[in-house]
Amino acid sequence: MTTPVTVKDTKITIVLSEFNLPVTENLLKGAEDAFAESGGNKELLKVFRVPGAFEIPAAIHQVLKHQQQEAVIALGAVIRGDTPHFDYISGESARGLAELGLEAHIPVINGIITTNNARQAYERSRLDKKNKGREAMLAALQTIAVYRDIQKPA
């Protein structure tokens with residue numbers, strides 16, 4: 001059984017895409033609310049903003065190199081348009097995050113939503129319990145607890 005995380009001392013970084021800002025701001029709000037509701041200290045939650053989802057993996061790489069955090073969360077919104085740009089951005093950002101997650105010694109959580117239209121994006125970023133930013137934060141907290149259990153001496 002996983003030992004619960006003592007959230008009040010937990011340091012987490014969020015890297016947020018500013019593209020589709022109304023959606024991503026709601027994702028951020030959901031993540032911040034979940035952190036606070038779990039007992040997190042707001043001063044230990046860092047947020048770095050980048051232009052779009054494509055820039056998130058490189059920014060997280062810098063966080064992993066220069067910051068002492070217990071998890072990093074990627075938050076963004078990629079909405080399908082009329083060109084294949086959606087496929088490139090969503091695929092490459094997911095690939096970059098997966099690679100970072102394998103290299104990092106802390107959880108790297110993919111909270112970048114990908115939707116077919118703006119309505120779906122707004123639905124996933126509503127300020128309620130279904131907010132994907134909230135879900136990403138809760139996943140980070142649970143994964144921190146799992147990592148801690150794995151790393152305990154036998």
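Assorted remarks:
- Adding -39500 (n - 2.57) for every DSSP H run of four residues or longer, then dividing by how many residues the chain holds, sets the calculated 222 nm ellipticity at -15500 deg cm²/dmol.
- Compared with the dominant Cα axis of the chain, that is its longest principal axis, helix 21-37 is turned about 20°.
- Shown in residue order for the stretch 66-81 are the 3J(HN,Hα) couplings computed by the Karplus curve 6.51 cos²θ - 1.76 cosθ + 1.60 at θ = phi - 60°: 10, 10, 9, 10, 9, 6, 10, 10, 8, 10, x, 9, 10, 10, 4, x Hz (x for Gly and Pro).
- Comparing mean-square fluctuations of D82, D33, D128 from a GNM of the chain with C-alpha springs under 10 Å, the top value falls on D82.
- Taking θ as phi - 60° and the Karplus parameters 6.51, -1.76 and 1.60, the scalar couplings of the stretch 129-143 work out to 5, 9, 4, 6, x, 4, 4, 5, 5, 5, 5, 4, 5, 5, 5 Hz in sequence order, x denoting glycine and proline.
Taken together, the values in this text are just the output of simple stated rules run on the coordinates, not laboratory data. Since this is a predicted model, take the numbers as computed values, not measurements.
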